[in-house]
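Input: one structure, supplied below.
The values are calculated or read from the model by the stated rules, or taken from the named source; none is laboratory data. Everything numeric here is computed off the predicted structure, so don't read it as measured data. Ideal geometry is used to build each Cβ from the backbone, glycine not excepted, and the neighbour counts take in all protein chains shown. Side chains included, ligands, DNA and RNA excluded: accessible areas come from the protein's heavy atoms. Shrake-Rupley method; radii C 1.70, N 1.55, O 1.52, S 1.80 Å.
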Amino acid sequence: MTKDARILDLLGIELPILQAPMAGAQGSDLAAAVSGAGGLGALPCAMLAPEQIRAEVAAIRARTDRPFNLNFFCHAPTPDAAREAAWRERLLPYYRETGVDPASIKAASRAPFDDAFCAIVEDVRPAVVSFHFGLPADALLARVRAAGAKILSSATTVAEARWLAARGCDAIIAQGAEAGGHRGMFLTTDVAAQVGTMALTPQVVDAVSVPVIAAGGIADARGVAAAFALGASAAQVGTAYLLCPEAKISETWRKALREAADDSSVLTNVFSGRPARGLRNRLVNEQGPLSPHAPAFPLASAAVAPLRASTEPQGCGDFASMWTGQAGPLAKERSAQQLTRELARGAG
């Protein structure tokens, strides 16, 4: 097994375990628990307003003085009123069935990293800032670095990893096809060609000089050991944390995850407009998994959100984006602190 301890010094952590930021599934409780256990907890910020981020950061710091990661998206929304209207029309039968008023549809809530987000980073000064879908503009990135944060971002190909390294990323997350949630791809849209974690990680390790963090299909110490054997400096884990009490997912989602099989997850764009891995349900089966009609990310989510809001509290997961990786069946119910320490045993 290869042992690369650079990531520990780089991020100021004790254990080479990073908790994947999972927007809509967690908040400060999970981030603080993982950081407190010696790993790197993460707070997903793309769906939070500035005042919410500040409150969540304060909550993390009230529970631990250890490093944590603030995560942001770097997408470029491209509104298309006609496409959005056609998508709502396509979903009209579901609105009628569930009693949802189409007039209740609000704008998509996932915002890209901008000056306002950057000002928060400069104010709260987290130890780590990570990005998904590439990197922000050079001027914003320079401000993040000047605020003292180490910078991470996800790559789904060797070309993306080299691009990130050339722009000064301190470490790179090699996100394999097995990973739950949105693909971090930004130089390609060919989701059919996405490489698995076992094949991607060593190729990225060979291609860049900065530490590499393996992500995708890792849910226990065996997966972490495999990541290290492939040359990774650390492992990033998401799905395995979803059954921890600190996660904020619904009981509907928890039940579906408990019952998941190895083939229960698929890549779908029907919830947000961008391919993401989640559990199959009615909307995925009837409108996807990959629909040519879904508006670009994140615009598709606006039309689906009221359907989820009206049905998930009643125990119906037909319209819920239950992001889950291929290792979902390996998830067990335990505290985030216990899970973090168990995962770290795989690092040797």
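With all protein chains present, calculate the accessible area of T157 using a 1.4 Å probe and round the result to the nearest 10 Å².
40
Over the chain, average the accessible area per residue using a 1.4 Å probe and give it in Å², no decimals.
So the chain comes to 39 Å² accessible per residue, rounded to a whole number.
Roll a 1.4 angstrom probe over the protein heavy atoms and tell me the percent of accessible area of the stretch 42-136 that is carbon or sulfur. Show your work: numbers first, answer last.
Details: 2340 of 4560 Å².
Carbon plus sulfur share of accessible area: 51 percent.
Next question. Mind ordering 295-306, 82-93, 247-258 by average Cβ neighbours within 10 Å, highest first? Walk me through the numbers before you get to the answer.
Working: 295-306: 22.7, 82-93: 15.1, 247-258: 17.6.
Ranking the peptides 295-306, 82-93, 247-258 by packing returns 295-306, 247-258, 82-93.
Now, a different point. In nm, what is the difference between 0.36 nm times the number of residues separating R63 and D80 and their Cα-Cα distance?
1.8 nm
On alpha-carbon atoms, Rg over Rh for the stretch 121-169 using Kirkwood Rh?
With Rh from the inverse mean 1/r over Cα pairs, Rg/Rh is 0.98.
Using Cα centres only, tell me the gap between the stretch 1-77 and the stretch 81-128 in whole Å.
23
Given N residues in the stretch 95-157, what is Rg(Cα) / (2.2 N^0.38 Å)?
Working: Rg = 17.2 Å, N = 63, 2.2 N^0.38 = 10.6 Å.
It is 1.62.
Right, next: Mind checking the alpha-carbon convex hull of the stretch 215-268 and giving the volume per residue in Å³?
Convex hull volume per residue, Cα atoms: 112 Å³.
If each residue of separation counts as 0.36 nm, what is the full-extension length gain between A137 and V158 once their alpha-carbon separation is subtracted? If you can, show how the numbers build up before the last one.
Values: separation 21, 0.36 × 21 = 7.56 nm, distance 2.12 nm.
This chain segment gains 5.4 nm when fully extended.
As a test of the formula, what do you get for the chain when each DSSP H run with n ≥ 4 contributes -39,500 (n - 2.57) and the sum is divided by the residue count, at 222 nm and rounded to the nearest 500 deg cm²/dmol?
Details: 13 runs with 130 residues, N = 348.
When only DSSP H runs of four or more count, the value is -11000 deg cm²/dmol.
Three principal axis extents, largest first, for the C-alpha atoms of the stretch 229-342, in Å?
42, 36, 23
Still on this model: Share of antiparallel DSSP beta bridges in the chain, in percent to the nearest 5?
20
Just want the answer: with Cβ charges of +1 for Lys and Arg and -1 for Asp and Glu, which residue in P202, N69, I13 is farthest toward the dipole's positive end in the chain?
Farthest towards the positive pole: I13.
Further question on the same structure: When the accessible area of the stretch 173-232 is computed with all protein chains present and a 1.4 Å probe, what percentage of it is carbon and sulfur?
Answer for the stretch 173-232 is 57 percent, counting heavy atoms of protein chains only.
Please compute one quarter of the surface area of the Cα convex hull for the stretch 66-200 and express it in square nanometres. Could you put the intermediate results ahead of the total?
Numbers: hull surface 44.5 nm².
Computed as one quarter of the Cα hull surface, the answer is 11.1 nm².
Dipole size in debye (nearest 20) for the chain around its Cα centre, Lys and Arg Cβ +1, Asp and Glu Cβ -1?
That gives a dipole near 260 debye.
Would you mind listing how long the stretch 1-60 runs along its three principal axes, going by Cα atoms, in whole Å with the largest first?
Principal-axis extents of the Cα atoms in the stretch 1-60, largest first: 41, 18, 17 Å.
Based only on the alpha carbon positions, what is the Kirkwood hydrodynamic radius of the stretch 41-120, in angstrom?
On the way: mean 1/r = 0.0644 Å⁻¹.
Result for the stretch 41-120 stands at 15.5 Å.
What percentages, rounded to whole numbers, describe P(r) for the chain computed over all alpha carbon pairs with 10 Å bin width beginning at zero?
6, 27, 36, 24, 7, 1
Express in % the proportion of alpha carbon pairs of the stretch 1-140 at distances exceeding 23 Å.
47
To the nearest µm²/s, what D does Stokes-Einstein give for the stretch 292-337 at 4 °C and 1.567 mPa s, using the Kirkwood radius over alpha carbon pairs as Rh? If you can, show how the numbers build up before the last one.
Values: Rh = 13.1 Å.
Once the numbers are plugged in, D ends up at 99 µm²/s.
Hey, what angle do you get for helix 50-63 against the long axis of the chain, alpha-carbon based, 0 to 90 degrees rounded to 10?
50
Rounded to whole Å, give me the distance from the Cα center of the stretch 130-154 to that of the stretch 290-348.
The two parts, judged by their Cα centres, are 26 Å apart.
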